[in-house]
Amino acid sequence: MLLRCLALTLACALLLPRMSAQTFDSGMDFLTKIEESGLEFDTGFNPDAQLSIEPGLTDTVITYTGGGHVTHQGVDLYFDNMRATLSTGDVFLDGNVRIYRNELVFKGDSAIYNYNDGKLTANTLRSGIDPILFSTREFRTQLDIEGRTAEFLESDEAFVTTHDYEVPNYRLQASRIKIFPPPENRVEMHDVKVFIGNRQVFWFPYLAKSLDEELGWYFRPGFNSSWGAYLLSEYGIKWEDHTLVKYQMDVRSRRGLAGGVELHSQRFKENENFGRMKVYYANDLDPSISRSARKRRDVNEDRFRFSLQHRIYAPYAEDQSWYLDIDINHLSDEFVYEDFFPDEFKIDPNPENLINIVKTDPRGTLSVSGRFNANPFFRSDERLPEIALDITRQPFFDTPLFYEGSTTIGAYREPLSTLERKFLEGGRGSFEEFFGVSQSTVDPAELNTLLDDLQAQVDGYSFKRFDTFHQLSYPLNTGRGLSLIPRVGFRHTSYFDIDSGNPNIDSSESRTLLHAGIEGSLKLSRVYPDVRSQRWGLNELRHIIQPYFNYSFLAGNDLSGDVPRIDRLTPSTRLRPIDLSKFTAVDDMNPWNIVRLGVRNVLQTKRDGRTHNWLQLNTYVDTFLEDPEASRTHSNLFNELFWHPLPWLKLEMDSQFPIFADDEDFIEVNSRVRYMPTDNTEFIVSHRFLNDHPFFGDSNLLNFRFYTRLNENWGLGLYHRYELDDNTLEVQQYSIHRDLGSWTAALGALARDNRGEREYGIVFALSLKDLPRIRLPLSIDPDPAGR
């Protein structure tokens, strides 16, 4: 700026002696005009450049020759020669012209820029808004100047592409084009001719496309044995600036037409749990088609889903501490997720329905919720309503103690599903017809127990429950790596208005459980500065070892078997939590006396200026002085291993083995290794082994995934899932990828053995690199509907 003023002052000093008194006044005025124009001349950009000023009675002209740089309110102008007229605000640029404005880039031989309104006019100009590149002979644009005008680019006879090569392999030629950079981020074209190479392959009278990959048209063709040949299509638009709308129209040769609409709130764009509504309808040509061996009955051809997940904040709560959570999922039948949304079916085959009013506070959370069953073909508990107060761990007044607790009260009910009810009302009918498997595969004693339980619950059961939990803890830290946390607490639960279908059972029951425990750990470390190995990614080494223990004692009476269970234990291969605040199966809480012993080992090294966990191993075991579930004295020995020595090598392994013959004798090993021998090749191998578990069936499952880039243009992918226990190749996936310059093409095939039904599929995907809609390697399973 200083150089600019000095240059202007010197020019004035040389010119003013030649002026008359009237001209002198005009000369003083043009200095003001230059300052008001906002033009800033970077005289240090090219010291050899010539800057001159020609003041006059009616106009003042500034010329800049020899190559220069001028900025104007965020717009950078580069040129060989420049001529600016202050009366009109026009800046004439000539020779190697480059103009930069945020995401906009302009390159050409000449251009006219007006600094008053931001308009840019050019001939034979090339420009780009990532990822769009275009060239034109005549161009008009309006750049935003201090928010006074909207930004857009407009041209006649333009070429558009995303292939950043001198000779692009495809391009669009439009008679008129208008491009809006972010935040609108879209392009409009008229009379559009599509060229691949030099050959025209298509024509559109009008084409509008958002540069946001979620907007505009998206197509996915393919073949699946349960769908037949299919074409999934989606069109996304923005509803003002707050909602993304996706319209869907799908056709499947074996299932017919289907369509839907999705709404996604941009306020919750980073949170997938809220701000979305999905509506989908299919007129199914053959609802009896199943991906599994399970038989179907009474499935209507009108299939649909409605789901709404949203959070509404109270308008008067400035800190957003009051809000309403809505989670509604209404389905036409129990198979609609399996048939049309297999990915969601895999994660949550029985979606819940919940409305929850929440008040948050740093000290805790208060909620009033209602959970109901909108899909009676599923068995699900109902809570109408449930009031819960959760108090976070916090100092207990002005003492060194910490307090935490929770209290709930609610009305609970769990009716039978329509399938179970029909089965019982039909005189126990055909087992296979209702449950989809042969009755001979079920143990007769277990079957009779199941049927008796169902018969007792034919009208469902219900009760009201009051539960309260309170705990005090006292953290102790010696300052030498030793920490101890003793804790005491209690839990009281009362059940009343119990209706279990048996009139001889008491309608109320209560119990109180007392809890005491202590957990502690000792943390020791040692540094080995001389341990270095480039081969194994070691740059010094620190070993941290932390033995720990957790003792938990819970005393009280057991609930009678007549009390219905809603919050109950579910089968698992993992250990139960022994911290009372983390144990959520309130109705299955029995007295226990457990000691958990373990040791953590961590090896750390320096990498990229940070501490990197090179290896982690957590080993632990439970000793049962009183077992709440069985008659064990010890649990399995657990080992959780994580080894990440190099960026291209990672190993994870969780295992448990029995260590005493009279206790649990099942074995579980879950492992996964990722290895990249070269930059272009990746192997991922995972294995799950489970043997002799009392609830889950034996499994010896091997997963193998492989992807390689053969060269710059071709890539291959493979995925196999093989169950060694019964020698079944469950899943085969093969994919081939082709780099087409600015495009990526992928072809994938799938074969699945569902043990009774075989499934096949094929999919083809083509996408622009700069507007991607697929991932490499290509994923075609488990959700062919994945958009």
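Some observations on this one:
- In sequence order, region 561-570 has phi-based couplings of x, 7, 7, x, 10, 10, 8, 10, 6, 10 Hz under the Karplus curve 6.51 cos²θ - 1.76 cosθ + 1.60, θ = phi - 60°, and Gly or Pro positions carry x.
- Residues of region 582-729: accessible area per residue with a 1.4 Å probe, Å²: 53 Å²
- Reported to the nearest whole Å, the Cα centre-to-centre distance from region 641-659 to region 354-383 is 38.
- In plain terms, the chain from residue 679 to residue 572 could stretch by 34.6 nm, reckoned as 0.36 nm per residue minus the Cα-Cα distance.
- Ordering 719, 748, 673 by the projection of their Cα atoms onto the charge dipole of region 609-751, which places +1 on the Cβ of Lys and Arg and -1 on the Cβ of Asp and Glu, puts 748 at the extreme positive end.
- Rounded, prolate or oblate (a/c below 1.5 giving rounded, otherwise prolate when a/b exceeds b/c) for region 235-340 by Cα gyration tensor: prolate
- Extension gain, residue 749 back to residue 660 (0.36 nm per residue minus Cα-Cα distance, nm): 27.3 nm
- Among 77-86, 391-400, 566-575, 462-471, the peptide with the highest mean count of other Cβ atoms within 10 Å heads the list, and the full ranking is 77-86, 462-471, 566-575, 391-400.
- Solvent exposure of region 278-371 amounts to 51 Å² per residue of accessible area, where only protein heavy atoms count and the probe is 1.4 Å.
- Here region 508-609 has 52 percent of its accessible surface on carbon and sulfur atoms, given a 1.4 Å probe and all protein chains in place.
- Approximate shape of region 348-394 as ellipsoid semi-axes (Cα gyration tensor, √5λ), whole Å, largest first: 27, 10, 8
- Label-to-label distance for residue 45 and residue 526 is 6.4 nm, based on points extended 7 Å past Cα in the beta-carbon direction.
- Accessible carbon and sulfur surface of region 617-720 relative to its total accessible area, %, 1.4 Å: 58 percent
- Under-5 Å amide H pairs with residue 634, H placed in peptide plane, nonlocal only: 624, 664
- Along region 686-702 the Karplus relation, 6.51 cos²θ - 1.76 cosθ + 1.60 evaluated at θ = phi - 60°, assigns HN-Hα couplings of 10, 9, 10, 10, 9, 9, 6, 6, x, 10, 7, x, 5, 8, 9, 9, 10 Hz to successive residues, with x for each Gly and Pro.
- Protein-only accessible surface order, largest first, of 249, 589 at 1.4 Å: 249, 589
- The dipole here belongs to region 476-569: it is taken about the Cα centre, uses +1 on the Cβ of Lys and Arg and -1 on the Cβ of Asp and Glu, and is about 1000 debye.
- For region 304-345, applying the loop criterion from DSSP together with a ceiling of 14 other beta carbons within 10 Å to the GluC sites (Glu not before Pro) yields 318.
- Spacing of the modelled spin labels on residue 727 and residue 378, each 7 Å from Cα toward Cβ, amounts to 3.9 nm.
The values are calculated or read from the model by the stated rules, or taken from the named source; none is laboratory data. Small disclaimer: the values here were computed from a predicted structure and weren't measured. Cβ atoms come from the backbone with ideal geometry, glycine included; neighbour counts cover every protein chain shown. Surface accessibility is based on the protein's heavy atoms, side chains included, excluding ligands, DNA and RNA. Shrake-Rupley method; radii C 1.70, N 1.55, O 1.52, S 1.80 Å.
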